[in-house]
Each structure stands twice: as C-alpha cells, then as structure tokens.
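Taken together, the values in this text are just the output of simple stated rules run on the coordinates, not laboratory data. Computed from a predicted model, the values in this text were never measured in an experiment. Ideal geometry is used to build each Cβ from the backbone, glycine not excepted, and the neighbour counts take in all protein chains shown.
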Amino acid sequence: MKTRPSRLESIKCWRKKFIETFFSNVLRGILDVSLHQRLSDPSFLPLLHTSRHVTQLTIYNMLEGVSELMAKHNQSVLENLAVSLTSLTFRHLLSSSLSTRQQLSAFLHRLIHHGAVNHLSMYSWPDPDPALLALILKMSAGVWHPGKTLLDQENLCHLCREKCVDQSQKLDEEPWGSRQLFQRSVSDQHNNSGLRNEKLLPSVPQESLLGFQNAVELAKTSSETLKAPVGCRLGCNSRQSKMQQSSCSESYSAEEGSVTFIPAKTFQDVPTLEKYQKRRKAVTAKKRSCRQRSSKVPAESEDLYDFVFAIAREEEETAPCSERRNAEEEESLASCSRLSEEAASSSGTVCTEGTRSAGMPSLKTTGHFRSVSTLEVFSISLTRNTCQMLGNLLSSWVSLEKLVLSLNGLGPGIFSILSGLRVLSRHSDYRLRVVRISDMFSHVPCMNLVHAFLSAVPLLQTLLVSFDLKTATERGRPEESWDSSPFEEEIPESHLEHLEIRFPREPLQTSLLVPVLKASRSLQSLSLDSVAISCPQEVGLLLQALKEYSPSLKKLSFHDVNLSGHSKEVLLLLQDPILQEITFSFCRLFENCTAELLSEIIKVVKKNSTLKSLRLPGNRLGNHRLVALADIFSEDSSSSICHLDLSSNCIKPAGLLEFAKKLENYIAQRGEQIKFTKLCLYQNWLDQDTVTAQEALWRLKAMCSIVSDTWDSSQALADYISVM
C-alpha cells in the first residue's frame, strides 16, 4: 500500500495495522478497488469484511469518509464499526456544509452514544469552523438534541426509537416515580367509619400522576367527584368510561385496597402549571367545605351514639388533620411541578408562560448520552467562547478520564477550563485522572496553574503543565508583581503520582514547589524542564524537600537545566536509595567535569543497586568519558543499571569501539552476562567512520539492545558551537 509507519509509532500487531491501513485507504479512495481483480470480486466487500477488525479510524479534510460510511449501502459497515471501533481521530479538517454536519452528527451518535468509541482526538486545525468544532466537542461529551421536540421521530436513530417505545411501555405499566406518590392505600380506611372513608378517599393526588398529560380533565373530574356521594364515586362507571376515552382510566377496588392509574396513549395540549395550581386551590376549597357539611349530618348506617362520638373525635383532630392535609396538598403540588419540569426538560419544549409544558414522556437518553473517556486536542486554536463552551461541557463530563490540550492558544481561556473542572470535581463519581496542558505562551506562571489544577481536581494522578515562552506582557513583568495569595492557601491532599512542569525559562522557586510536594505524598515521578537556577541554594532546597515530602519518588528528570555548577547535588541524587530512574537531559553535566569528579560519579553509581535507568543525553560526554563509564559494569560493581541513554554526546566511532571492547572484558571477568540490556545512541557522530561504527555496533548488539539512527553530524556542528 506504499505506506511507511512513523518511527515513533509503536506497532504491537502488524496484521491489525495492515487491516486498519487497508480500510482507511479504501475508504479515502487511495486504494482503487476496481484495479485489483480479487478486491473487485462481487462476493468480497473490502469495507464490510475488514470493518470488524478496525479499532482506530482517522477522518480527514472534508469528512469524505463520514459521507461514505453514512451511505445506505454501507449501513452494515457502520454497524460493525459501532462494535469494534474504540479510537476516532480527526486530522486537517476544513469547513463543512450543513448537510455534512448533519451526517457527522448521526455518525458520531452511532459510534459514540450507541457504540464503543472512548478515545477522540483532533489534530492540526489552524482555523477551525466554530460550528463543526462545537458539534464534535458536544457529541464527544454525550450532549445531543436531535430536534426541537421529541415528536420529531425522524431525527432519532432506530436505537433511540426502540428505547422510546420500551420506556413508553414501562410508563404504561408503572406510573412515574414511586407508586406511593400517586396511589393511596384504602385498606385501612374500610376499617373506619364511612365518614372517615369519605374524608380520606384520594381524589386530588391523582392529578400529580398525569399533570404533564391532561391536568384540565383530571381537575374537572376531581371537582365533579367531590360533589357526589361516596357510593357514586365508587360505582359511577359511566364517568370513568369517559375518562378512559379522553386521557386515562381510573379503577377502584375495595378488595385490592388501591387505586390504579393507566396512562393514556395519546398526548394533548396541557395548560400551564400556574393555571393548574389555581384550579387545584379551588378544588381544595370545595373539598374542605364538602367535608365540613358532611361532618354535621350522620350517615344512614350509623346510630346516634356513633355520630356523637364521631363529632367529638373530629373536633379533637381538626387542627392536626387540617395541617396534615395542607402538607399533603403542598407535597402533591410540588411532586406534580417536579414531574412537569422533568418531562419538559427531557423533551426540550419550553412554554411561553415561563413554565415548561409537556410532550412525550421523559427520555433520559434524549439529552445526555454515552461520552468518551479520553479527549485530545492538538494544534487547534480555541477561542475564548470555545473555552467557555468546553468548560461548561467539562463541568458534567463525569466519564472523562484523560484531557489533553496542546498548542491551543488558550490564553485567558484557561480559567474557563479550570472553572469547569472545579465544578466537575464536586461530582462524587467523576473519573478525571490525567490532565496535560501545553502551549506556546503562558498567561500565568506555571506554578500558579499547578496549584490551581491540584486545588480544582484533587483526584488527579497525572498532571503536565508545559509552556515555551512567556506572553509579551509577562516578559517585562517581574515575578514579584504576581498576586501571591493562591500560594498562601494550602493545597488539599491530592492523589498525584506524576508531575511534569516545563517552565518558560522561569526561575526555580522551591518555596512554591514545596506546597505541591507536601500535598502529593504519593508522588512517584517528577520532571522539571527549562527552569532557570537563579540562586545556587535552590537546588539544595529542592533535594531537601524531595527527601522530606516525597518518600515514594522513583523517577526524577531534569531537562535543559544548567547543573554544571551543582556537582555536589548531582552526586547526592545518584546515590539516592529510592530513585530507580534519573534523567539529566541537556544539563551540561560534564561541561566543567574534572577527572576526579567523573571518578566520583562512577564510584557512586557502582554502589547504587537501586538505580536501574540512567539517561544522560546532551551532556558533552565525549569519547574518553564514555570509555570511563564502562567501569560502572566492572567485576566489583553492584550496579543494577539496565538502560543507559547516551544520545547527543559527541561520541565518535573510535570511542564507541573502545567502550564495546571494555564491556566484553568485564563480562569475561564476571563469567556471566551483565544486567545492561539497552543502550541509546541517537544523534552521535558515528557517520565519520562507517566501518568502525559498524564493528562497534556489532559487538554491542551481542551484549545489549542498541537504539541508534543514521544522523548527519555535519548539520549539528553549528548547533554545537552555539551552545559552547
């Protein structure tokens, strides 16, 4: 297929990689099926037969792949992808038409909301279409409204329609909410007098059941029922049959002791809640007056004795009963109001009088659907409005586990992101554990953002904050002028395990890092990049803070930090009994290194049995220091180093060959293979003598795994001289 995977791409299964590349090339038209006899066989459908094995898919440019997959003849392909596809990527997108966005909406709805996609990435979109970008972000967060009303079934997919039918059937079988809210048992009422049975007979709470369907008919029926005697209420079948034809049916059974409601199959226009409440108050007044009149007249089935004592009991219970009735009526109205609001919010129908009207029964799947767990946005400009929208989405995105925002020009928009994450952390079930924020310019100092993120999301396990340069206004602004109040507040205890900070040449201030280390007792990995050492004591204070507050730290990395004058601190780190991986990358470590210092470094590393990985790229090691480093693996060494990175260290073929021969002698003396398993030699001067370099690499490959490249060292001469 004339494709070559990236060198940085780790491919675990070449069969899977081939099938996914084949599917993508056929989908984009790069591979013309008609030119291949076997592929153009009518019995073989390339997209259909390979779609079941595709777990990653990339959509490009004008979303041509979406249009092809949404075509009717590829419906089976889309159904296969809904099961197999877990990662979806958009690259180099362009502006699109309304019809294309509608197709994309249905595409994402099937693969995310009703599919298995949990990882969504967007790359390289310098001038994004706001409508298209908002659509992708909202669909990724599970927010989708297919139409203005739920009655527009054409906008719902077949899965949504099936769920709609299922939920409607459940509503027919069981009323909204708990049955106790709408049904009142009357089994105990039959044990009392007819008067009490008449007083406690449920007539009004029934309205709260179908307040979002036909409140007018229920209120009218209730008022009419109150005027009739008890016997008529229990036995009037003609009026009940009329109610069955209009909105619902009501059946009362003395044996069962309950009132059963069957919701209607039709939906009619409903008056506003305000009008219903007015009618409800009128019904309540009539009910009270009716009860007062009935309490003065004895029933035909009672004698004078029962009547006298019934009056006495009623007088004693008048106050508590009226208070209880008022409370029950208010609760009934409140439950009716809540049901009306829920039904209206689910359907998205807004009443003109301020209250929400009701349409179809509420469907939870209509507004909020399944969402992805990983969102990555690379090299896409996010405006302030987009950041506000993203912040709003993040505030309820509880399923999100990983958020990556890189080169987005956030600026002040970072505060909208923080606000959304702060609201998200109030959800007890939020899952966000990884946040990576990197940009060209920093709007605020890095430590401010680290404090803010840890305060906003205490359950974070991995945090990366990276900036290349300060903003134009910040370059001329002294650090002391920044508001220090955020640092005075104590950071809550966090679950942070990995922290990476790339400073835009900001000075190291250990006093600002100490609160972070103090709150992150579980920290296992710390990386400090491009930080300036303005005060020599800062490095020592940092090591003291790490020793005191980070007992679980196993990985420590310094990149582009001038440590040439901090040999004492470097030795202390190399003999640390807890650290397993140490990186000094482009730290000018051997710039002023004497023979005594190099010997001391080798001696310390030989005694450290905990250290397993030592990375020293870009430290001007040279040939003679490389040969000296071979003593780390001597016969009397207890070192456990298995990974050594010596990239970009001005190593020439002759020095590498001598290093290889020295290692061979130590292995022969030990009589066993050393633990050394991997050696990185990127960007060294091995092209100056190809024959010698090949011999050195051949000897080393017999002892360990070699990672190298074909690099033109002449191109690096100017860079080498510029940093001398």
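So if each residue of separation counts as 0.36 nm, and I subtract the Cα-Cα distance between His158 and Ser640, what length gain in nm does that give? If you can, show how the numbers build up before the last one.
Numbers: separation 482, 0.36 × 482 = 173.52 nm, distance 6.01 nm.
So the chain would gain 167.5 nm between His158 and Ser640.
Work out, in µm²/s and without decimals, the Stokes-Einstein translational diffusion coefficient of the range 664-714 at 20 °C, 1.002 mPa s, Rh from Kirkwood over C-alpha pairs. Walk me through the numbers on the way to the answer.
On the way: Rh = 12.1 Å.
Result for D is 177 µm²/s.
Given a cut-off of under 8 Å on Cα pairs at least six residues apart, what relative contact order in percent is computed for the range 479-610? Don't skip to the answer; put the middle values down first.
Numbers: 201 pairs, mean separation 27.1, N = 132.
Contact order relative to length: 21 percent.
For Gln102 and Arg38, FRET efficiency with R0 = 41 Å and r from the beta-carbon atoms, rounded to 0.05? Don't jump to the answer; show the numbers that get you there.
Details: r = 36 Å, r/R0 = 0.88.
E(calc), rounded to 0.05, equals 0.70.
Once the piece of chain linking Met62 and Ser406 is laid out straight, how much longer is it, given 0.36 nm per residue of separation minus the C-alpha distance between them? If you can, show how the numbers build up before the last one.
Working: separation 344, 0.36 × 344 = 123.84 nm, distance 2.29 nm.
Gain in length upon complete extension: 121.5 nm.
Dimensions of the range 647-689 along principal axes (Cα, Å, largest first)?
34, 18, 12
Taking each pair of distinct Cα atoms in the range 371-443 once, what is the resulting Kirkwood hydrodynamic radius in Å?
Details: mean 1/r = 0.0821 Å⁻¹.
Evaluated on the range 371-443, it is 12.2 Å.
Could you run the Karplus curve 6.51 cos²θ - 1.76 cosθ + 1.60 with θ = phi - 60° over the range 64-72 and give me ³J(HN,Hα) per residue in whole Hz, x for Gly and Pro?
So the Karplus estimates, Gly and Pro as x, are 4, x, 5, 4, 5, 6, 7, 5, 5 Hz.
Grab the Cα-Cα distance for Asn592 and Ile706, subtract it from 0.36 nm times how many residues apart they are, and report the gain in nm with one decimal. Before the final figure, lay out the partial values.
Details: separation 114, 0.36 × 114 = 41.04 nm, distance 2.87 nm.
Residue separation times 0.36 nm, minus the Cα-Cα distance, leaves 38.2 nm.
If you average 1/r across every pair of different Cα atoms in the range 582-724 and take the reciprocal, what Kirkwood value do you get, in Å?
Numbers: mean 1/r = 0.0649 Å⁻¹.
Radius from the Kirkwood sum: 15.4 Å.
Assuming a viscosity of 1.567 mPa s and a temperature of 4 °C, what translational diffusion coefficient in µm² per second does Stokes-Einstein assign to the range 20-84, Rh being the Kirkwood radius over Cα pairs?
Working: Rh = 12.1 Å.
Roughly 107 µm²/s, to the nearest whole number.
Determine by what factor the alpha-carbon radius of gyration of the range 526-655 differs from 2.2 N^0.38 Å, reporting the quotient. Before the final figure, lay out each step's value.
Numbers: Rg = 14.2 Å, N = 130, 2.2 N^0.38 = 14.0 Å.
Normalised Cα radius of gyration, the range 526-655: 1.01.
For the range 502-602, what value does the Rg/Rh ratio take when both radii are computed over Cα atoms and Rh is the Kirkwood radius, given to two decimals?
Values: Rg = 13.3 Å, Rh = 14.0 Å.
A ratio of 0.95.
Rounded to whole Å, give me the distance from the Cα center of the range 522-538 to that of the range 564-640.
Value for the Cα centre distance between the two parts: 19 Å.
Once both labels are modelled 7 Å past Cα along the beta-carbon direction, what's the His92-Gln75 spacing in nm?
For the pair His92/Gln75, the computed spacing is 3.4 nm.
How far is it, in nm, from the label point at Lys568 to the one at Ser379 when both lie 7 Å from their Cα along the line to the Cβ?
4.7 nm
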